[in-house]
There are 4 protein chains.
Amino acid sequence: MTERVTPGYSDDKVAVLKRLRRIEGQVRGLSRMVEDDTYCIDVLTQVSATTKALEAVALKLLDEHLSHCVVNAAIAGGDEADIKLKEASDAIARLVRS
Amino acid sequence: MTERVTPGYSDDKVAVLKRLRRIEGQVRGLSRMVEDDTYCIDVLTQVSATTKALEAVALKLLDEHLSHCVVNAAIAGGDEADIKLKEASDAIARLVRS
Amino acid sequence: MTERVTPGYSDDKVAVLKRLRRIEGQVRGLSRMVEDDTYCIDVLTQVSATTKALEAVALKLLDEHLSHCVVNAAIAGGDEADIKLKEASDAIARLVRS
Amino acid sequence: MTERVTPGYSDDKVAVLKRLRRIEGQVRGLSRMVEDDTYCIDVLTQVSATTKALEAVALKLLDEHLSHCVVNAAIAGGDEADIKLKEASDAIARLVRS
């Protein structure tokens, strides 16, 4: 059975939450820029920075997931290991394509 | 001189702002998911969706920029046209790489 | 009518072809690495380098296209300008998402 | 010590090689398109298709790597497990950013 009580990112929960708050602020800043009719190229530069920050959070979460959930499942073996690996692969594919 | 009074996206300002508010909500949702110890893969799926939404805003802003600022600069010609094209190219490169 | 006699990249045709030949060599190198059972991570590093090289060619082609075809269409105006802008936007969206 | 005798992708070596040959052909096709002065947008469409094909190979290699090398290292434990996970994470980050 999948154990979901302590997700892999719990160690770094505070750090991940801090990053997400900052990204929320960046998106709010984008709204303000558009409201103030900021020059399009300057808005685009900030959109790219925000996208990169989100990608960094995704990579951090994935990292934690691989080194906790996937490794534990690998040690446990059986179907659970295969399911976890398939899930991780699919998540990686979504990240690479997004 | 660069005219920055009416950026290209002003026609669709309301639509862009609506999208940005939704993205802000998505990022806030991500924080809640992490706070609630949501399963990492489910968080990652939402991060990918948020990244895609941000990319869509970027493409919309770029579209407006090309069809307003860049086209106007192209018609005006001269250095301004070259500067605008260089700016647009650089913004596209940042988007492709982010 | 779309004039396709001299695509925008013709000035830099030699440079683009040179880059494409190098990329072709990189892909051939990937085959050799797989044949020789090279360590997966080393193959992946080379795949990323090849993808980046292809992206750089795409950005170069797009650049040339914007500063030739799109600018000319913008000056000519009318439907042709709109068609060219739509085409360019769609190509940019494909690049950002690939 | 890292065992590199049987990389994870060896099961699918034939399939991966077949895909790489096809990509090599796609890149050669790009050179032909540029030589023939094909319309820039059509060349760009093919570049995007080639990039996507390369990304698919990368995801396939990564998949194999995770389910072989990383799982075996996880079971063996110790430093080797950490090294393999770090390597895999770095490779994923390069893919996401390329």
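Annotations for the structure displayed:
- Residue that is nearest to residue D:92 (Cα to Cα) [pool: residues in segment B:36-63 that are within 7 Å of chain A (Cβ to nearest Cβ) and charged (D, E, K, R)]: B:52
- Every condition in (1) buried (at least 20 other Cβ atoms within 10 Å of the Cβ); (2) not in a helix (DSSP H, G or I) holds for residue C:38 except the one numbered (1).
- Residue check, residue A:43 β-branched (Val, Ile, Thr) and open to solvent by 20 Å² or more (accessible area, probe 1.4 Å): no
- Any hit, segment D:24-33, residues being more than 15 Å from the chain's Cα centre (by Cα), of a type outside the set (D, E, K, R) and farther than 30 Å from residue C:84 by Cα: no
- Those residues of segment C:1-32 which are closer than 27 Å to residue D:13 by Cβ and either open to solvent by less than 40 Å² (accessible area, probe 1.4 Å) or modelled with pLDDT under 95 (or both), in sequence order: C:20, C:23, C:24, C:25, C:27, C:29, C:30, C:31
- Reported count of residues in segment D:65-83, each being over 17 Å from the mean Cα position of the chain (by Cα) and part of a helix (DSSP H, G or I), is 12.
- Qualifying residue in segment C:70-82 (condition: open to solvent by 10 Å² or more (accessible area, probe 1.4 Å), at pLDDT 95 or above, charged (D, E, K, R) and farther than 26 Å from residue D:36 by Cβ): no
- Residue list for segment A:59-69, restricted to those being surrounded by fewer than 23 Cβ atoms within 10 Å (Cβ to Cβ) and under 30 Å from residue B:58 (Cα atoms): A:59, A:60, A:63, A:64
- Residue match in segment C:46-53 (condition: open to solvent by 50 Å² or more (accessible area, probe 1.4 Å), modelled with pLDDT of 95 or more and over 12 Å from the mean Cα position of the chain (by Cα)): yes
- Beta carbons closer than 7 Å, at least 6 apart along the sequence or on distinct chains, pair a first residue in segment B:77-98 that is facing chain A (nearest Cβ under 8 Å) with a second that is charged (D, E, K, R) for B:98/A:52.
- Scanning segment A:47-83 for residues that are aliphatic (A, V, I, L, M) and closer than 15 Å to residue B:27 by Cβ yields A:47, A:49, A:53, A:54, A:56, A:57, A:58, A:61.
- Residues in segment B:55-78 that are within 15 Å of residue B:15 (Cβ to Cβ) and of a type in the set (A, V, I, L, M, F, W, C): B:56, B:57, B:58, B:59, B:61, B:62.
The values are calculated or read from the model by the stated rules, or taken from the named source; none is laboratory data. Model, not experiment: these values are computed from the prediction. Reconstructed Cβ throughout: ideal geometry from the backbone, glycine too, with neighbour counts over all protein chains shown. Protein only, heavy atoms only, side chains kept; ligands, DNA and RNA dropped before computing areas. Shrake-Rupley method; radii C 1.70, N 1.55, O 1.52, S 1.80 Å.
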